[in-house]
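Q: Would you mind keeping the following structure in view while I ask a few things?
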Amino acid sequence: MASASNEWSNLRSVIVGRAKGSIFPYQSEKVTRSIMPEEFFHEFKPHNPFPEYILQAADRELDQLVSILEKEGVKVQRARDVDWNKVGGYTGCMARDGLMVVGNHVIEAPYSWSCRKQEIELAFGHILADLEKDPRVRVFRAEFPEGRDTIYDDDSEGSESPFSINNSRPAFDTADFIRVGNTIVGQLSHVTNPAGVNYLRERLPEGYNVQIIEPKDPAAMHIDATLLALRKGLLLYHPMKCTYESLSRLDVFKGWEILPFPIMPKHRTEPPFFMTTPWLVMNVLSLGNGKVIIEENDTEFGEWLKARGIEPVYCPFQHVHSIGGSFHCATVDLIRDSDDELVDS
Ligand code: ARG
């Protein structure tokens, strides 16, 4: 079964990624330069594995996440073991980037990066095959136009897009969207284009719509370290990328408390943030029932949550960060209770 329409209500069933075998993704130097932290540009080249100690520690962290989830009564399914160096891919760790459940629709991302096109099939194809057998679920596998990929063709003449992809075919990463009930809130980015947003719209269940926000982020890729819908009625945002005014204007957040993220995350050098910023502190996984999984070092945020009546559940995850994301990125919720079963707080 698959059924989920928000980021916060009770979690019943989830997919968790796997780090083993992950390699630095490589699309082109131009793409690396527009998205990745400068000090690590040199790592982004074909067939370059992440350091083995990072992958091993990341897999231990992912296993720990799985035991926390299972102890909470959540059903967990895992990514398959894939040798990404052999297939020229990236990772099976960041499940959220390419899969999204909206209502009973399971939607696979038409990735813009060619190194990711096989990722969902190889790492999660077995889970999708099971879901396809369930008559209550509709699975939308990614569709790519035939022939040469034109998405990186230079169309700078007349194009006003600040991003590295053009609009010649639909492309998006599912992590550029969060689910806020019947409204999906998303952004255009270096991996998501307007044609991709339309493609997503066409695959949503009836009654759902997409609302695009425009965060200030020249390196935009994935919205889940920019917005955090902690529970119904409480939204946290990255204060350097969004403004209160821009978010409070949206119908979907009418009546919500909208707050800048309360803590300034600290940079660290070890294990390295090869691909992201320390704002991954916002990339949490909500268990529902007033509990949220956060990184074990983020105790200041934990205290803030407690003061708000939300229980932080700590899990080490810094080595997973090195591969490109945190708890939200490394999971896909398959089943969350519907909102009606939520006790409003
Ligand atoms: N772009 C975000 C940052 O640099 C990271 C988002 C990661 N999200 C993901 N789904 N992989 O802070």
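So that you can scan it fast, the table gives a plain yes or no per residue for (1) open to solvent by less than 20 Å² (accessible area, probe 1.4 Å); (2) among the hydrophobic types (A, V, I, L, M, F, W, C):
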site: TRP8; (1), (2): yes, yes
site: GLY17; (1), (2): yes, no
site: LYS20; (1), (2): no, no
site: PRO37; (1), (2): no, no
site: PHE41; (1), (2): no, yes
site: TYR53; (1), (2): no, no
site: ALA58; (1), (2): yes, yes
site: GLN64; (1), (2): no, no
site: LYS75; (1), (2): no, no
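Q: Scan region 175-199 for residues that are out of contact with any strand residue (DSSP E or B) (no Cβ under 7 Å at 6 or more places or on another chain), free of Cβ contacts under 8 Å to residues at least 60 places away in the same chain and surrounded by fewer than 24 Cβ atoms within 10 Å (Cβ to Cβ) and report the count.
A: So the count comes out to 3.
Q: On to the next question. Which members of region 200-236 meet the condition of being on the phi < 0 side of the Ramachandran plot, open to solvent by less than 60 Å² (accessible area, probe 1.4 Å) and either touching a Lys or Arg at 6+ places or on another chain (Cβ under 7 Å) or within 13 Å of the ligand (Cβ to nearest atom) (or both)?
A: The answer is VAL210, PRO215, ASP217, ALA219, ALA220, MET221, ILE223, ASP224, ALA225, THR226, LEU227, LEU228.
Q: Go through the residues of region 306-322 one by one and say whether even a single one is within 13 Å of the ligand (Cβ to nearest atom), part of a loop (DSSP other than H, G, I, E, B) and either more than 21 Å from ARG231 (Cβ to Cβ) or in contact with a strand residue (DSSP E or B) (Cβ under 7 Å, 6 or more places away or on another chain) (or both).
A: Going through region 306-322, the residues within 13 Å of the ligand (Cβ to nearest atom) turn out to be 317, 320-322.
Checking which are part of a loop (DSSP other than H, G, I, E, B) leaves us with 317.
The next check asks that each one be either more than 21 Å from ARG231 (Cβ to Cβ) or in contact with a strand residue (DSSP E or B) (Cβ under 7 Å, 6 or more places away or on another chain) (or both); those that pass are 317.
Within region 306-322, one or more residues are within 13 Å of the ligand (Cβ to nearest atom), part of a loop (DSSP other than H, G, I, E, B) and either more than 21 Å from ARG231 (Cβ to Cβ) or in contact with a strand residue (DSSP E or B) (Cβ under 7 Å, 6 or more places away or on another chain) (or both).
Q: I need the full set of residues from region 260-275 which are open to solvent by 60 Å² or more (accessible area, probe 1.4 Å) and within 12 Å of the ligand (Cβ to nearest atom), in order please.
A: Listed by number, the list holds a single entry, HIS267.
Q: Also, I was wondering about something else. Just the residues that are over 18 Å from ASP217 (Cβ atoms), touching a residue at least 24 places away in the same chain (Cβ under 8 Å) and charged (D, E, K, R), please, taken from region 240-256.
A: Once the filter is applied, which keeps residues that are over 18 Å from ASP217 (Cβ atoms), touching a residue at least 24 places away in the same chain (Cβ under 8 Å) and charged (D, E, K, R), region 240-256 yields only ASP251.
Q: Quick check, is LEU259 part of a strand (DSSP E or B) and either of a type in the set (A, V, I, L, M, F, W, C) or touching a residue at least 12 places away in the same chain (Cβ under 8 Å) (or both)? Don't jump to the end; show me each part of the working.
A: On the way: part of a strand (DSSP E or B): yes; either of a type in the set (A, V, I, L, M, F, W, C) or touching a residue at least 12 places away in the same chain (Cβ under 8 Å) (or both): yes.
Spelling it out, LEU259 is indeed part of a strand (DSSP E or B) and either of a type in the set (A, V, I, L, M, F, W, C) or touching a residue at least 12 places away in the same chain (Cβ under 8 Å) (or both).
Q: Here's something else I'd like to know. Looking for whichever is touching a His at 6+ places or on another chain (Cβ under 7 Å) and modelled with pLDDT of 95 or more here; the options are VAL284, VAL252, VAL332, VAL292. Which one fits?
A: Working: VAL252 fails: touching a His at 6+ places or on another chain (Cβ under 7 Å); VAL332 fails: touching a His at 6+ places or on another chain (Cβ under 7 Å); VAL292 fails: touching a His at 6+ places or on another chain (Cβ under 7 Å).
It is VAL284.
Q: Determine whether region 153-176 contains at least one residue that is aliphatic (A, V, I, L, M), within 14 Å of the ligand (Cβ to nearest atom) and either in a loop (DSSP other than H, G, I, E, B) or within 13 Å of ASP97 (Cβ to Cβ) (or both). Before you say what the answer is, go through the steps one by one.
A: Kept after step one, since they are aliphatic (A, V, I, L, M), are these residues of region 153-176: 165, 171, 175.
Remaining after also requiring within 14 Å of the ligand (Cβ to nearest atom): 175.
Now restrict to residues that are either in a loop (DSSP other than H, G, I, E, B) or within 13 Å of ASP97 (Cβ to Cβ) (or both): 175.
Yes, that holds for at least one residue.
Q: Considering only region 138-162, how many residues are open to solvent by 50 Å² or more (accessible area, probe 1.4 Å) and either over 17 Å from LYS117 (Cα atoms) or among the β-branched types (Val, Ile, Thr) (or both)?
A: The qualifying residues number 10.
Q: Restricting attention to region 127-134, does a residue exist that is assigned to a loop (DSSP other than H, G, I, E, B) and within 30 Å of ASP337 (Cα to Cα)?
A: yes
Q: While we're on this one: What's the number of the condition GLY325 fails, among (1) open to solvent by 10 Å² or more (accessible area, probe 1.4 Å); (2) within 21 Å of the chain's Cα centre (by Cα)?
A: Here GLY325 clears every test but (1).
Q: Tally time: how many residues in region 70-111 are within 16 Å of the ligand (Cβ to nearest atom) and in contact with a His (Cβ under 8 Å, 6 or more places away or on another chain)?
A: 2
Q: Please determine whether any residue of region 276-299 is within 16 Å of the ligand (Cβ to nearest atom), of a type outside the set (Gly, Ala, Ser) and more than 19 Å from ALA58 (Cα to Cα). Steps first, answer last, please.
A: Quick first cut of region 276-299, residues within 16 Å of the ligand (Cβ to nearest atom) only: 276-286, 293-295, 298.
Narrowing further to those that are of a type outside the set (Gly, Ala, Ser): 276-285, 293-295, 298.
Remaining after also requiring more than 19 Å from ALA58 (Cα to Cα): none.
So far as region 276-299 goes, no, none of its residues is within 16 Å of the ligand (Cβ to nearest atom), of a type outside the set (Gly, Ala, Ser) and more than 19 Å from ALA58 (Cα to Cα).
The values are calculated or read from the model by the stated rules, or taken from the named source; none is laboratory data. Here the structure is a predicted model, which is why all the values come from computation and not from measurement. Glycine also receives a Cβ, built like all others from the backbone with ideal geometry; neighbour counts cover every protein chain displayed. Surface accessibility is based on the protein's heavy atoms, side chains included, excluding ligands, DNA and RNA. Shrake-Rupley method; radii C 1.70, N 1.55, O 1.52, S 1.80 Å.
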